[in-house]
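**Student:** Once you've had a glance at the structure underneath, I'll fire off some questions.
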Amino acid sequence: MRTAAVADFLGSLRARGSGDLNSVLTTFNDSGLARESVRRWTESGWIVIAPANPLLALPGPRFSREVTLQTFCGIEAEEREEEPRSDGDP
């Protein structure tokens, strides 16, 4: 559920140039996780909080449409489990 909420939020940033922070953070239902996520996204330069509406996020100076959901969620490349190959080789 949380990943789906972040995927929707990231999709909104890409498509509309804004994202509903209230929606994604409410889905987290964990204030610590919410603060940590917003801090990561703002420190990474991926979002900025809209000056007139603190529940709205805008793309930050380092936002890229190519940022993956895994990276946005904080799953670093070395933490990702290698997916099995379809050709049967390990």
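**Student:** What length, rounded to one decimal in nm, is gained on full extension from residue 5 through to residue 30, with 0.36 nm per residue of separation minus their alpha-carbon distance? Please report the intermediate quantities before stating the final value.
**Tutor:** On the way: separation 25, 0.36 × 25 = 9.00 nm, distance 1.34 nm.
Stretched fully, the residue 5-residue 30 segment lengthens by 7.7 nm.
**Student:** Here's another thing I want to ask about it. Over region 2-77, what portion of Cα pair distances is larger than 18 Å, expressed as a whole percent?
**Tutor:** On the way: 822 of 2850 pairs.
Here the long-distance tail beyond 18 Å is 29 percent of all Cα pairs in region 2-77.
**Student:** As I understand it, the dipole of region 2-77 uses +1 on the Cβ of Lys and Arg and -1 on the Cβ of Asp and Glu, about the Cα centre. Which of 58, 10, 25 lies farthest toward its positive end?
**Tutor:** The residue sitting farthest along the positive end of the dipole is 58.
Quick note: the coordinates plus some simple rules give every number you see, no bench work behind them. From a predicted model like this one, the values you see are computed outputs, not experimental measurements. Virtual Cβ from ideal backbone geometry, glycine too; neighbours counted across all protein chains shown.
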